[in-house]
Amino acid sequence: MTALTDRSLFRPFIIDDLLSNMSIIHGIIGLYVGNDSVLAQRVGEFYDEIRDKKSILKLRLASDDSILTKIQYVFDTRLNTWLGEMYENAENILRVDHNLINFDSIIKSVTYGTFSIELPPNLLPKIPDKKRPAPGDDDKENGRGNNKQKKGVTNSNIIPEFKLKEGETWSMFTNILVDSCLYFFPWLLQYV
């Protein structure tokens, strides 16, 4: 049981992650049951609604950083419940609650700001146990009074040709490295 609840799962942090998940799920459903099925149509409608309401989701994301995870969780739960009911009632499809795959209520509650759900513990963000001091914090400011110098790793076999010359700093080389990487890999711009 511990292994099941201790797993870390993918959490969408940006709306495009959520849309990507929905697109993948929609594609898989289309492969297995066909694009004309009720399930594929409902998931496609849900994807379109999320894409159309991107600006509202951005506003909700500003006040609740786990709103996308909550939407994904509700979507997955309802979808899996419906699939389970379909499997159990394959003989009598009238027993299946098809409202489970009607995702309009999710979109409406997000739009009106009434969407609220409690996530299971394995979907909550991990909170660090101990707060690390920020770089540059003085030990005296932290109340420790410990001013020991941190020892770095030194290389005793430095090749003279690779040593920094007088007036050179490592920052000069890091800028060159970043600029050349951006030239060859322009998609890195989103991370700089």
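Residues satisfying the criterion are present in the stretch 52-70 (criterion: more than 24 Å from P121 (Cα to Cα), aliphatic (A, V, I, L, M) and open to solvent by 60 Å² or more (accessible area, probe 1.4 Å)).
Against the conditions (1) part of a helix (DSSP H, G or I); (2) under 20 Å from the mean Cα position of the chain (by Cα), G30 satisfies every one except (2). Taking the criterion of being over 22 Å from D97 (Cα atoms) and not in a helix (DSSP H, G or I), the only residue of the stretch 33-56 that qualifies is K53. Across the stretch 59-103, the number of residues qualifying as more than 29 Å from the chain's Cα centre (by Cα), part of a helix (DSSP H, G or I) and either over 19 Å from I25 (Cα atoms) or among the aromatic types (F, W, Y) (or both) comes to 5.
Looking only at the stretch 71-86, count every residue that is open to solvent by 60 Å² or more (accessible area, probe 1.4 Å) and either in contact with a Gly (Cβ under 7 Å, 6 or more places away or on another chain) or among the hydrophobic types (A, V, I, L, M, F, W, C) (or both) and tell me the total. Total meeting the criteria: 1. Checking V38, V43 one by one, the residue that is surrounded by 14 or more Cβ atoms within 10 Å (Cβ to Cβ) and either touching a residue at least 12 places away in the same chain (Cβ under 8 Å) or in contact with a Ser or Thr (Cβ under 9 Å, 6 or more places away or on another chain) (or both) is V43 and no other.
The values are calculated or read from the model by the stated rules, or taken from the named source; none is laboratory data. Bear in mind the structure is a predicted one, so any value in this text is a computation, not a measurement. Every residue, glycine as well, gets a Cβ built from its backbone with ideal geometry; the counts of neighbours run over all protein chains shown. Each accessible area value is taken on the protein alone, full model and side chains, heavy atoms only, with ligands, DNA and RNA left out. Shrake-Rupley method; radii C 1.70, N 1.55, O 1.52, S 1.80 Å.
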